[in-house]
Each structure stands twice: as C-alpha cells, then as structure tokens.
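Visitor: Please read through the structure below; I'll follow up with questions.
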Amino acid sequence: MKQRKLAWRIYLYFLISALFAISAVLTNTVYSMRQYHKNEVMKDLEIRARIVAEDVARLQLESERSKADDICKNIGRTSMTRITVILPDGKVIGDSDRDPSMMPNHGDREEVRKALGGATGYSIRYSETIHSALMYIALPIKKDGMLVAVIRASLPLTMVDWSINVAIRHILAGSIIVALLFALITFHLSKSVSRPLENIREVAYRLALGDLAARVVLPEDEETASLAKAINKMADQLSIRINTISKQNNEMEAVLSGMTDGVLTVDRNEHIMRINAAAGIMLGVSVDASRGRSMQEVIRNSDLLKFASDSLKATGIVETEVTLYLEQDRYLQLHGTALKDHAGANIGALIVINDITSIRKLEQVRRDFVANASHELKTPVTALKGCIETLEESANLHKDDIARFVSMMARHTIRLQSIIEDLLSLSEIEHDTSKGRILREQADLAVIVAKVADYHENQAAKKAIKIIYIQPAHPVLTDVNVALMEQAIGNLVDNAIKYGTEGKSIRLSIRRGNTHVSIDVADEWPGIEKKHLPRIFERFYRIDQARSRAMGGTGLGLSIVRHIALAHNGDVSVTSVYGQGSTFTITLPLPK
Ligand code: ADP
C-alpha cells in the first residue's frame, strides 16, 4: 500500500468534510434565500396589484377602458412593475408595457385562470423576451359580488437570482479562505503530530542500528509522550540487556582466551561458533578466519572431524586422542559434549582440547632413555661378565693373559663408572634445577674459563692442540654455580680435544652483551654435519658410536652442558660447518 504523509491525509479528510459542509450550507442558503425573496416579491406584487385594483375598481370598465390602460401605464412606470388589466373574458384592456389591443387573450394564463375563479392567482414563468423568470400575481376585482376584471402584476426575478448569486459568491469566497486557513491549520496540526512521531521513528531506527544512547525528547502531548516514554524505557531495557550480554560475552572471551586448554564450539551444522586462541594454536588454524566456517573447511584431520560429529550426538562426555600431522606431530586429547538450549534441544557441541604432545614426547624420551641407558650399561657389564667367566673357567691361564683380562675389566669398570657418574650428574642437575637448589654465587667468568683452559692444557698438548684464550682485561661477573660452569665449559673443551684433529687450535672467548654474556668454544676441525645438529644435545646421541666409545665418551656430555646452561636460565647452541669446525656457545643472563 502506498504510504501518504499524515498531513496530507488529515487535509484530505478535512477538505472532503468541508466540501460537504459548504454544499449543505450553500444548498440550504440558496433555497431559503430563494423562498424568502419570492415571498417578498409576492407580497410586494400583491400590494402593487391591490393599489391598481382599487383604482381600476372605481372605473366604469365598459366606458372607461382607455383609463384602465392609463392607470396601468402610470403606475407601471413609477413602480417599475408590469401591470395588466384583463376582463373576465380574457381580453386585455390595459397594460403598462404594451398596447392592449395588440395583446392576445389572457384567459388561458395560469394565474389569470385562478383569479377568474375568484382566488388570488400566482405563477412563475420563464420569459423568452427578457431571458429571465417572471413572477405573476393576479387579483380578481369584484363589484357587488360580481367579478368585473382581473389585475395582474408581474416582476422579473432577476433581482432574486442576482442576490442569490452574490450570496453564493460570498459563501464560496469565504469557503476558499476557510479552506486555505484550514490547510494552514492542518499543516501545523499534522506537523505537531507528525514531528514527535518522526522523532520517535528516527530514534527507533538508530536503536535498531545499535546506537543504544539514542533517546526520544518527550513531546508535549500526552499520547505521543507516553509512546516516547515507552520507547525510551524499551531503549533503557535494551541497553541494560545488551550491556549485560556484551559484558558476559567479554568475560567469556577473556576466560576462553586466557585458558591454556583449547575450547571449540560448533553448531548443529558443524560450523565453528567459538574458538579460543589456545585451540587455534593447537589445531594450527587462524582463530579469526575459522569463525563461522564449517569444520570440514578449516580442519583436515578426519579423526577430529569424526569426533566433532560424535560429540554432537553424544549423550554424555566423549573422549579421544588424535594426532595432528603438522610440521611436528601434535598429540591432542579431546573431550566433547553436546550443547543443549533451555528446551533441551541440541544446538551444537563443545570440544575441549588438551595438548599432550609434551607429555607424549616426555614419555618417549623416558622410554628411549631407559632403552639407551640399558644398552650403554649392557656393553661394559657383558664385557665384565665375559672376563669374569673366562677367569673362573680357565684355571690355568697364563699370567700375561690374566693381566690382560684384568686390564680389560678395569677399562670396562671405568667406562661403567663414567656412565654412572654422568647419569648421576645429569639427574642431580635436573633434580636440583626443578627444586631450585642450584646454588649460585657471584664469580668472574673470565677466571672460570682460564681455569678450564689450564686444566685441559696437558690433554690438548698430547694431540698437539693449542688452546688459545685471551682473558678479558676486566672481570665478567655473573651469578653462577662455579663447579657446574667449569664442568660445562670443560665438557665442551674436552669434546673439542677428543673429536678435534691434531695440530689444530681451540679458541675460547667471552662476548659480553647488554643483558647476556656468551662463552664460545671454537675448534678448527672437523665440524659436524648439518643433519646431526638438531639432535646433538640429546642424551646418548652420538654421531659416531664407535669413535665416541673409543674416546671414552658416554653420549651424555653435551646433554649435561645443556642442563647446566638451563639451570642458569641460559642456553647452549652450536654453529658448525662440516669440514671446517664447530663453535659451541653457552649463553648466560647477566645479573641486573
Ligand atoms: P660424547 O660423550 O660421545 O662425547 P657428547 O654429548 O659430548 O657425547 O657429544 C655428542 C656427540 O657430538 C659426540 O659423539 C660427537 O660425535 C659429537 N661432537 C661433540 N662435540 C664435537 C666437536 N667439537 N666436534 C665434532 N663433533 C663433536
């Protein structure tokens, strides 16, 4: 339906009713005026006719016919009325306007017929001659009870029509003025009604667009004011509710984003509704890009997708573990439950994700460690057992052989001892670090490094290796456990000598930064292949088993270095070019 302006509608209704009222007034006025004027004209005509009748009655009509005509002409001229005297046979003997002898018999005229019958005759007829209606009145003139003549007076009704026309014109002019006035009033009236409504509409629109501060200014009239109050109240309620909802939402977002567990909610169609930062990281997806999209689009893991569908149908809590094959395998533990609305209808599912990769990795490391340690221990123990058995079984062994077996046993015992010492050392460092029991004191790193260099000088000299260390001029004070730090740097120097080539040099240096200090142990040969570098600090990891064993290595040296560095909130790293050399760097934080 086409919507019109309220002002127009009011004005239209008014105009129609005004038109009705004006036409009613007009019809009534015209009718009354016509009646009134006719009566007036009739009375007037009758008076004039009676005056003439008195004069004519005095005449001897048989002999004084021409006098009758004179009376008509005289009175007719002065009174501006047409007067006619008619004999009972209808013959006209006097007329104010015309020659009676030229006039036709008037006996058949309506008013004349009535007067001939003895009553006052009355009639209105349209005259072609003067183009106007004429009113006629005919009076019987009696003498001694005998009708002797009829006096007829007539007047055109042009005056009546004219005054009625004037009245109509005045009424119409008045009506136009009233209509214009009313249009003005209607305009103001409708404006005063529509302006507050317009204002209310605008506020409602702004509210709908989310501008919760929008309020209606209260209009003066009661009805719109109560509507405005209702709108304002609704806006108040709305903003309270929306504020509460957004507060709850923010709280929920804060809780979700602060959670270390991943949280994911999906709707019935498996579209992601919510996903927190932790879940995004665990699943390797962008949180913002995932919202509103289907699980199938975002997640490529079929186990996880199946779990989401299972959770939607679940009656209780469902649980599973999935592995995501990303850059590095990720192990996730999932708990899922269906989400219901207040009516108990299924609206989606909630999935809580725990990253158990580190637990799984730790388990793996433990398993590997037990296997490796057993393997490492097994070799010397088997060798010792073999020696002991040989000694037991062979009573007649030569002195030299016995000495050989004993020396072999001593070697394997030393090896066993060094493995056990390294393992104990590692576990001690780990244990103390976790309990915060690593005791530190302020010490000069420059002196510690110098001491390690001195200590290894003889060992290096045996391979014609030169240890080069230029001690810094100023002390490098740090909070360290001196014994552990000596052990760590010592292990690096020991490796450099063990795996280094004869005649080369080992350079020790200290680099001081703003917040950290680094100790570099650099050798010149042989370097380490790139593929080994990520694993070199793992326990029991050795590039060349046989060589390491031959050197008396346990595969735990670098692992101990790493643990010592970590116990000092530092770290160890290596850069190496195969065929050139390696630089191992221990980085430690400087005291603040
Ligand atoms: P190990 O007791 O066998 O020396 P480590 O943990 O100290 O065990 O070292 C692990 C492995 O890293 C060694 O077996 C050796 O192959 C390699 N490695 C360590 N330091 C060096 C070095 N400076 N140059 C070349 N290879 C090295």
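The values are calculated or read from the model by the stated rules, or taken from the named source; none is laboratory data. Remember, it's a predicted structure, so these values are computed and weren't measured experimentally. Positions of Cβ are backbone-derived with ideal geometry, glycine not excepted, and every protein chain shown enters the neighbour counts.
Visitor: Could you give every pair whose Cβ atoms fall below 8 Å, whose first residue belongs to region 450-467 and is touching a residue at least 24 places away in the same chain (Cβ under 8 Å), and whose second residue is among the acidic types (Asp, Glu) and in a loop (DSSP other than H, G, I, E, B), counting only separations of at least 6 or pairs across chains?
Guide: From region 450-467, the pairs are LYS463/GLU502; ALA464/GLU502; ILE465/GLU502.
Visitor: Follow-up question, since we're still on this one. Looking at region 281-298, which of its residues are buried (at least 19 other Cβ atoms within 10 Å of the Cβ) and of a type outside the set (A, V, I, L, M, F, W, C)?
Guide: Once the filter is applied, which keeps residues that are buried (at least 19 other Cβ atoms within 10 Å of the Cβ) and of a type outside the set (A, V, I, L, M, F, W, C), region 281-298 yields only SER290.
Visitor: Looking at ASP444, ASP454, which one is within 17 Å of ASN491 (Cα to Cα) and in the same structural domain as VAL561 (by TED's automatic domain parsing)?
Guide: Details: ASP444 fails: within 17 Å of ASN491 (Cα to Cα).
Matching residue, one of ASP444, ASP454: ASP454.
Visitor: Return only the number of the condition from (1) at pLDDT 95 or above; (2) away from the ligand (no atom under 12 Å from the Cβ) that VAL561 does not satisfy.
Guide: Against the list (1) at pLDDT 95 or above; (2) away from the ligand (no atom under 12 Å from the Cβ), VAL561 comes up short only on (2).
Visitor: Since LYS306 meets every condition but one in (1) among the basic types (Lys, Arg); (2) touching a strand residue (DSSP E or B) at 6+ places or on another chain (Cβ under 8 Å); (3) farther than 30 Å from PRO534 by Cα, which condition does it not meet?
Guide: Here LYS306 meets the rest and fails (2).
Visitor: Using the structure shown, decide if VAL517 is farther than 25 Å from GLY552 by Cα and touching a residue at least 60 places away in the same chain (Cβ under 8 Å). Break it down into steps so the answer makes sense when it comes.
Guide: Values: farther than 25 Å from GLY552 by Cα: yes; touching a residue at least 60 places away in the same chain (Cβ under 8 Å): yes.
Yes: the conditions hold for VAL517.
Visitor: Another question, then. Of all residues in region 547-558 being near the ligand (Cβ under 8 Å from one of its atoms) and aliphatic (A, V, I, L, M), which is surrounded by the most Cβ atoms within 10 Å (Cβ to Cβ)?
Guide: Top of the filtered list is LEU556.
Visitor: Confirm whether HIS398 is of a type outside the set (Ser, Thr, Tyr) and in contact with a helix residue (DSSP H, G or I) (Cβ under 7 Å, 6 or more places away or on another chain). Lay out the reasoning, then the answer.
Guide: Numbers: of a type outside the set (Ser, Thr, Tyr): yes; in contact with a helix residue (DSSP H, G or I) (Cβ under 7 Å, 6 or more places away or on another chain): no.
No; evaluated as a whole, the condition is false for this residue.
Visitor: Additional query: Quick one: in region 564-592, of everything that is within 8 Å of the ligand (Cβ to nearest atom) and hydroxyl-bearing (Ser, Thr, Tyr), which residue is nearest to GLN417 (Cα to Cα)?
Guide: Going through the qualifying residues, I end up with SER582.
Visitor: Sort out which residues of region 116-131 are farther than 14 Å from SER154 by Cα and either among the hydrophobic types (A, V, I, L, M, F, W, C) or surrounded by 13 or more Cβ atoms within 10 Å (Cβ to Cβ) (or both), and write them in order of number.
Guide: LEU116, ALA119, listed by residue number.
Visitor: While we're on this one: Looking only at residues that are in a helix (DSSP H, G or I) and in contact (Cβ under 8 Å) with a residue 40 or more places away in the chain in region 523-546, which one is nearest to the ligand (Cβ to nearest atom)?
Guide: Selected residue: LEU533.
Visitor: Further, regarding this structure: Report yes if VAL381 is aliphatic (A, V, I, L, M), free of Cβ contacts under 8 Å to residues at least 24 places away in the same chain and either farther than 30 Å from ALA277 by Cβ or not in a helix (DSSP H, G or I) (or both), otherwise no. Walk me through how you get there before you give the answer.
Guide: Working: aliphatic (A, V, I, L, M): yes; free of Cβ contacts under 8 Å to residues at least 24 places away in the same chain: no; either farther than 30 Å from ALA277 by Cβ or not in a helix (DSSP H, G or I) (or both): yes.
Criteria not met by VAL381.
Visitor: Answer yes or no: is there a residue in region 352-365 that is surrounded by 12 or more Cβ atoms within 10 Å (Cβ to Cβ), outside the structural domain of ILE560 (by TED's automatic domain parsing) and within 19 Å of ARG542 (Cβ to Cβ).
Guide: Yes, that holds for at least one residue.
Visitor: For region 92-110, how many residues meet the condition of being assigned to a loop (DSSP other than H, G, I, E, B) and either among the hydrophobic types (A, V, I, L, M, F, W, C) or farther than 23 Å from SER66 by Cβ (or both)? Explain how you work it out, then say what you get.
Guide: Within region 92-110, the subset assigned to a loop (DSSP other than H, G, I, E, B) is 96-99, 103-109.
Then drop every residue that is not either among the hydrophobic types (A, V, I, L, M, F, W, C) or farther than 23 Å from SER66 by Cβ (or both), which leaves 103, 108.
Residues flagged as assigned to a loop (DSSP other than H, G, I, E, B) and either among the hydrophobic types (A, V, I, L, M, F, W, C) or farther than 23 Å from SER66 by Cβ (or both) within region 92-110 amount to 2.
Visitor: Quick check on this structure: which one of ILE497, ILE506 is closer than 16 Å to THR585 by Cβ and either within 12 Å of the ligand (Cβ to nearest atom) or not assigned by TED's automatic domain parsing to the domain that holds LEU558 (or both)? Show your work before the answer.
Guide: On the way: ILE497 fails: closer than 16 Å to THR585 by Cβ.
Going through ILE497, ILE506 in turn, the sole match is ILE506.
Visitor: Please enumerate the residues belonging to region 560-592 that are touching a residue at least 60 places away in the same chain (Cβ under 8 Å), assigned to a helix (DSSP H, G or I) and surrounded by 20 or more Cβ atoms within 10 Å (Cβ to Cβ).
Guide: ILE560, VAL561, HIS563, ILE564, ALA565, ALA567 - these are the residues of region 560-592 that are touching a residue at least 60 places away in the same chain (Cβ under 8 Å), assigned to a helix (DSSP H, G or I) and surrounded by 20 or more Cβ atoms within 10 Å (Cβ to Cβ).
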